[in-house]
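Engineer: Got a structure for you, questions after.
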Amino acid sequence: MSIAYLSLGSNMGDRGANLRFALKSLYERDGIQPLRGSAIYETSAWGPVKQDNFLNACIELETSLPPDELLTVCQEIELAAGRTREVRWGPRTLDIDILLYDDISVATPRLTIPHPRMKDRMFVLVPLMELEETVPVLGSLADLLESLPPQGLIVRTDEQWQD
Ligand code: X6L
Ligand code: MG
Ligand code: MG
């Protein structure tokens, strides 16, 4: 069994329902047991595309799937939530990114672990910090956060994982 951390995001439709759909869908898959979830955060869209605020969260899971199969499952769940890819870095109903998988590094055309840009993204680091203080390769999440320029709003919501 391996431990993986995922980042979840949504800024279209019922954002909270989309995150809950992601968690439920992961639960229902063989070889995946979600263990812990961060709070759900309201965050300003970061990046070159002007778009609505996101809800973001991180989850920890235990899995018997290797990283590439876990990625396939994440992409299937994104599609099931109505994800389309129109604008690069544009609005999405559901985004599921693999951040970490045990302490391994992966660099294939399809998948890079640790997620190559997680260290630059407050909307990833803040929820992840609720689950872990330090992570493989990247080290202290608080140190990484301190090095970042402001990225707008990152607010813990009282949005719940269960309905
Ligand atoms: C310069 C160039 C500065 C590119 C930033 C940052 C690009 C983030 C893409 C960037 C740049 C991204 C989310 C988001 C997106 C999300 C919030 C991305 C991909 N996804 N903002 N922006 N949450 N708050 O999940 O992360 S688009
Ligand atoms: Mg993403
Ligand atoms: Mg993604």
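Engineer: In debye, nearest 20: dipole of the range 27-115 around its Cα centre with unit charges on the Cβ of K, R (+) and D, E (-)?
Structural biologist: 420
Engineer: For the range 47-98, with equal point scatterers placed on the C-alpha atoms only and solvent neglected, what are the log10 I(q)/I(0) values from the Debye formula at q = 0.24 1/Å, to two decimals?
Structural biologist: -1.06
Engineer: Averaging sequence separations of C-alpha pairs under 8 Å and six or more residues apart, then dividing by the length of the range 1-149, give the relative contact order as a whole percent.
Structural biologist: Computed over the range 1-149, the figure is 29 percent.
Engineer: Read phi for every residue in the range 57-69 and hand back ³J(HN,Hα) as whole Hz from Karplus 6.51 cos²θ - 1.76 cosθ + 1.60, θ = phi - 60°, with x for Gly and Pro.
Structural biologist: Those phi angles translate into 7, 10, 10, 9, 9, 9, 8, 9, 7, x, x, 5, 6 Hz.
Engineer: Would you kindly find the accessible area of SER105, with a 1.4 Å probe and non-protein molecules such as ligands, DNA and RNA excluded, rounding to the nearest 10 Å²?
Structural biologist: 90
Engineer: Going by average Cβ density within 10 Å per residue, which order do the peptides 155-161, 28-34 take, highest to lowest?
Structural biologist: Result, highest mean first: 28-34, 155-161.
Engineer: Specify which residue in the list LEU141, LEU131, PRO116 is farthest towards the positive end of the charge dipole of the chain, using unit charges on the beta carbon of Lys, Arg (+1) and Asp, Glu (-1), about the Cα centre.
Structural biologist: PRO116
Engineer: Normalised by the number of residues in the range 88-163, what is the relative contact order in percent for Cα pairs under 8 Å and 6+ residues apart?
Structural biologist: Over the range 88-163, the number comes to 21 percent.
Engineer: Moving on to the next point. Taking the Cα centre of the range 7-163 as origin, sum charge times position over the Cβ atoms of Lys and Arg (+1) and Asp and Glu (-1), and report the length of that vector in debye to the nearest 20.
Structural biologist: Value, rounded to 20: 600 debye.
Engineer: A further question on this structure: Of all accessible surface on the range 6-63 at a 1.4 Å probe, what whole percent is carbon and sulfur?
Structural biologist: 49
Engineer: Assuming a ≥ b ≥ c are the square roots of the Cα gyration tensor eigenvalues, decide whether the range 21-163 counts as rounded (a/c under 1.5), prolate (otherwise, with a/b larger than b/c) or oblate.
Structural biologist: In terms of gyration-tensor shape, rounded.
Engineer: Sticking with this one: Report the one residue of TYR41, VAL87, ALA17 whose Cα lies farthest in the direction of the positive end of the charge dipole of the chain (charges on C-beta: Lys and Arg +1, Asp and Glu -1; origin at the Cα centre).
Structural biologist: Selected residue: VAL87.
Engineer: Around LEU125, under 12 Å between beta carbons, what's the net of Lys plus Arg minus Asp minus Glu among the other residues?
Structural biologist: Once all neighbours under 12 Å are counted, the net charge is -3.
Engineer: I'd like the Karplus ³J(HN,Hα) series for the range 18-31: coefficients 6.51, -1.76, 1.60, θ = phi - 60°, whole numbers in Hz, and an x wherever there's a Gly or Pro.
Structural biologist: Coupling constants for the range 18-31: 5, 5, 5, 4, 4, 5, 4, 5, 5, 4, 6, 8, 5, x Hz.
Engineer: Still on this structure, I have one more. Once you have the Cα-Cα distance between THR72 and ASN53, take 0.36 nm times their residue separation minus that, and quote the gain in nm to one decimal.
Structural biologist: 4.2 nm
Engineer: Per residue, how much accessible surface does the chain expose to a 1.4 Å probe? Answer in Å², no decimals.
Structural biologist: Spelled out: the 1.4 Å probe surface of the chain, per residue, equals 51 Å².
Engineer: Calculate for the chain the 222 nm mean residue ellipticity that helices alone would give, adding -39,500 (n - 2.57) per DSSP H run of length 4 or more and normalising by residue count, nearest 500 deg cm²/dmol.
Structural biologist: -8000 deg cm²/dmol
Engineer: For VAL137 and ASP14, what is the calculated FRET efficiency with R₀ set at 30 Å and r taken between the beta-carbons, to the nearest 0.05?
Structural biologist: 0.30
The values are calculated or read from the model by the stated rules, or taken from the named source; none is laboratory data. These numbers come from a predicted model, not from an experiment. Don't worry about glycine lacking a Cβ; one is built from the backbone with ideal geometry, like all the others, and counts go over all protein chains shown. Areas reflect the complete protein model, heavy atoms only, side chains present, ligands, DNA and RNA absent. Shrake-Rupley method; radii C 1.70, N 1.55, O 1.52, S 1.80 Å.
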